[in-house]
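Have a look at the structure below, then the notes.
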Amino acid sequence: MGFLQRFKAAAVPQPGHKLAPPNGGYGWVVVLASFLALFATYGVQYTYGVFQQQYLEVYRGRATTTEIAFVGSVAFASLGLFGVLTGRVGDWLGYRITLFIGMLFMALGLLLASFATEVWHLYLTQGLMFGIGTSLSFYPAVFAPTQWFDSRRGLATGIAMAGSGLGGMAVAPITRALITAVGTQWALRCLSAGVFVFMMIAILLLRPAPTAVKAGSRAWVISLLKNPAFLGLWATNIFGTYAVAEGLSKTDGATLVSIMNGASAAGRILLGLASDHVGRVNTYIGSVFIAGVACFAIWVPSTGMAPLVIFSLLYGFFMGGFVALTPLVITVAFGVERMATTAGMIYASTGVSNLIGSPIAGAILDATIGDQGYVPLILYAGAMIVAGSCMAVLLVRRKLTKGWLVKV
């Protein structure tokens, strides 16, 4: 048996074994593996803003700001848009081998970007190639812990998802230091090596739960598309992700963004833990709704730094819960089998929001910035979040239970 066959055999859960989720034991090692994978994936993903400033100087006169910014948009959108395919690959090949392929795409994308001489080279490498790698890596990293936990699933997923928030905080300043010390090209190569090391550790630690996982049939996929709960989660992700991607990035300074990322990491863990006790769907809806209300109640009337800090803490905390709880709600609504396939189809909505978010935000700002500042954009972001929570209530929670005081 060749290396690839042995690796795939180790990666794909074997049928005939029944797993009683231990809510501990080796499952916590799997949580660590997922944390490391998400730390590397999102940590590098969030550094594009640092590279964008360098590219503006390198390609001055040859590319506009919008053209350079679109490299990052391609990478972010690819994570969701390719989820329809990459999620299915995860269930088909197994989580470890899918994570390995994703690591290769990300590391090679960054390495090849270091040799780019034209902006379109960056579209193909740091944009598309890296983005496909993140899409391949995201679903195994997020859903591997859910196979090992039941009553503690919220806490386990929250800890794993905190890796993405902490990665966003840690990797950006490291990247700035690398660019200052060795230049943009070698900074990309160093990040490529870092992705390889972190992801390989995660791959070696990851062990799928011994339950049979099969990719869904075409009939199953069609039935999923007709499910109101699926449509509700799809819509909620469009509204929520748009607000996360565009609502704050237009106005916040680096300090507020750092505060928000820290609060987001805390929210992923604490709200994940809370969801184990009050219900995953209930916590999910509450998190999204409170984040939306905070936009109206705190952000709009803010006139100084103090209220903006308070808003950043609240918004980051509860939208961190939205990010961490989405995978949990998927398991509640659709079960733990074929999770990557289901999630990939739902997370495709984030690709839509990342693509349409900037043009919509730009249009709103162009129409209102002179007279009303950023208030219309803030109102729009808050409205999208509240609309997402309403969709979750109407199409997800009501599909699962008709009672209001029910843990779900």
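The values are calculated or read from the model by the stated rules, or taken from the named source; none is laboratory data. Just so you know, these numbers come straight off a predicted model, no measurement behind them. All Cβ positions, even for glycine, are placed from backbone atoms using ideal geometry, and neighbour counts span all protein chains on display.
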Check: Does the stretch 295-304 contain at least one residue that is out of contact with any strand residue (DSSP E or B) (no Cβ under 9 Å at 6 or more places or on another chain), under 21 Å from Leu379 (Cβ atoms), without any contact (Cβ under 8 Å) to a residue 12 or more places away in the chain and among the aliphatic types (A, V, I, L, M)?
Finding: yes
Next item on the list: Please work out if Leu56 is surrounded by fewer than 24 Cβ atoms within 10 Å (Cβ to Cβ) and in the same structural domain as Ser164 (by TED's automatic domain parsing).
Entry: yes
Check: Which of (1) among the aromatic types (Phe, Trp, Tyr); (2) assigned to a helix (DSSP H, G or I); (3) farther than 14 Å from Phe138 by Cβ; (4) modelled with pLDDT of 90 or more is the odd one out, the single condition Phe115 does not satisfy?
Finding: (2)
Next item on the list: Go through the stretch 287-315 and count every residue that is of a type outside the set (A, V, I, L, M, F, W, C), surrounded by fewer than 21 Cβ atoms within 10 Å (Cβ to Cβ) and part of a helix (DSSP H, G or I).
Entry: 1
Notebook entry, point to check: How about the stretch 170-182: which of its residues are surrounded by 18 or more Cβ atoms within 10 Å (Cβ to Cβ) and not hydroxyl-bearing (Ser, Thr, Tyr)?
Noted result: Val171, Ala172, Leu178, Ile179
Next item on the list: Output the number of residues of the stretch 60-86 satisfying the condition of being outside any helix (DSSP H, G or I), farther than 30 Å from Thr341 by Cα and in contact with a helix residue (DSSP H, G or I) (Cβ under 6 Å, 6 or more places away or on another chain).
Entry: 1
Note to self: Go through the stretch 154-180 and report how many residues are out of contact with any helix residue (DSSP H, G or I) (no Cβ under 7 Å at 6 or more places or on another chain) and polar (S, T, N, Q).
What the structure shows: 1
Note to self: Take the residues in the stretch 280-329 that are among the hydroxyl-bearing types (Ser, Thr, Tyr) and under 14 Å from Ala387 (Cα atoms); name whichever of them is modelled with the lowest pLDDT.
What the structure shows: Tyr284
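The rows are residues; the columns are (1) free of Cβ contacts under 8 Å to residues at least 40 places away in the same chain; (2) buried (at least 22 other Cβ atoms within 10 Å of the Cβ).
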| residue | (1), (2) |
| --- | --- |
| Ser34 | no, yes |
| Thr66 | yes, no |
| Val71 | no, yes |
| Tyr123 | no, no |
Check: Which residue out of Arg62, Arg96 is among the basic types (Lys, Arg), surrounded by fewer than 19 Cβ atoms within 10 Å (Cβ to Cβ), at negative phi and touching a residue at least 24 places away in the same chain (Cβ under 8 Å)?
Finding: Arg62
Item checked: Residue ID - farthest from Leu191 (Cα to Cα), chosen from residues in the stretch 99-121 that are surrounded by fewer than 23 Cβ atoms within 10 Å (Cβ to Cβ) and either in contact with a strand residue (DSSP E or B) (Cβ under 7 Å, 6 or more places away or on another chain) or small (Gly, Ala, Ser) (or both) -> Ala116
Next item on the list: Can you confirm whether the stretch 133-143 contains a residue that is outside any helix (DSSP H, G or I), in contact (Cβ under 8 Å) with a residue 40 or more places away in the chain and outside the structural domain of Ile259 (by TED's automatic domain parsing)?
Entry: no
